[in-house]
Amino acid sequence: MEVSIKVNGKSYEREVEPRTLLVDFIREDVGLTGTNVGCDTTQCGACTVHLDGAAVKSCTVLAVQADGASVNTIESLANGELHAMQQAFTEKHGLQCGFCTSGMIMTAVKLVESHPDIEEDDIRHGLEGNLCRCTGYENIVRAVAEGARRFDPHSPWEMDPAEHKITLREAERRARERSRT
Ligand code: FES
Ligand code: FES
């Protein structure tokens, strides 16, 4: 079957089998391997991407179901600079082997976009569908809290509504501009 799926802003028209999973389309047809496959059975969240703006496990979606949709993967976040949530994971040591990390970050970004004042319990609850076998989760929760702080409209961090992301450099530039006015 022919599908047309926009991935990270670029359209891909491909012939796929009806059983092709969206995660396999992303990894094999598009060639973006930042989205991982940990279980293939909807349990681990390593395959989380944004599908038309919602965080979904891409092993639970068929490529044909995503026909005409817009998908964003972990590769879409950094733009010369790490995304604020990626930076927070780096600073707070929210990863060890890194296998779960792209899925964690894609889930976390959607979690805090609409709830910048998110509490620790909300973070733990929001990440329930993402499993990590290395970290014990404590640093992941700290990282997401730090990422959320950077999404707070009252902090120097601002989000570009068009891009749904912010970079450290851009945040610092905006903060400097504000301090001059
Ligand atoms: S690979 Fe999709 S949930 Fe584990
Ligand atoms: S850092 Fe290894 S699975 Fe999470």
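Details
- Scanning region 31-51 for residues that are in contact (Cβ under 8 Å) with a residue 24 or more places away in the chain and of a type in the set (V, I, T) yields T35, T48, V49.
- Subset of region 106-118 (residues that are under 22 Å from N72 (Cβ atoms), away from ligand 2 (no atom under 15 Å from the Cβ) and touching a residue at least 12 places away in the same chain (Cβ under 8 Å)): V109, K110, L111, V112, E113, H115, P116, I118
- Hey, E91 over 22 Å from V16 (Cβ atoms) and modelled with pLDDT under 95 or not: yes
Here's the yes/no breakdown for (1) modelled with pLDDT under 95; (2) closer than 19 Å to V144 by Cβ; (3) not β-branched (V, I, T):
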{"position": "L51", "(1), (2), (3)": "no, no, yes"}
{"position": "T60", "(1), (2), (3)": "no, no, no"}
{"position": "A69", "(1), (2), (3)": "no, no, yes"}
{"position": "L82", "(1), (2), (3)": "yes, yes, yes"}
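- Tallying residues that are of a type in the set (A, V, I, L, M) and either touching a Phe, Trp or Tyr at 6+ places or on another chain (Cβ under 9 Å) or within 10 Å of ligand 2 (Cβ to nearest atom) (or both) within region 119-139 yields 2.
- Residue among A78, A108 that is closer than 23 Å to D52 by Cβ, modelled with pLDDT of 65 or more, part of a helix (DSSP H, G or I) and among the aliphatic types (A, V, I, L, M): A108
- Annotation: of all residues in region 74-99 being within 16 Å of ligand 1 (Cβ to nearest atom) and without any contact (Cβ under 8 Å) to a residue 60 or more places away in the chain, the one that is farthest from V56 (Cα to Cα) is C97.
- A residue that is part of a loop (DSSP other than H, G, I, E, B) and without any contact (Cβ under 8 Å) to a residue 24 or more places away in the chain occurs nowhere in region 4-11.
- Leading residue by the ranking (nearest to ligand 2 (Cβ to nearest atom)) among those in region 81-105 that are surrounded by 24 or more Cβ atoms within 10 Å (Cβ to Cβ) and outside any helix (DSSP H, G or I): C100
The values are calculated or read from the model by the stated rules, or taken from the named source; none is laboratory data. None of these values were measured; they are calculated from a predicted model. Neighbour counts run over all protein chains shown; Cβ positions are idealised from the backbone, glycine included.
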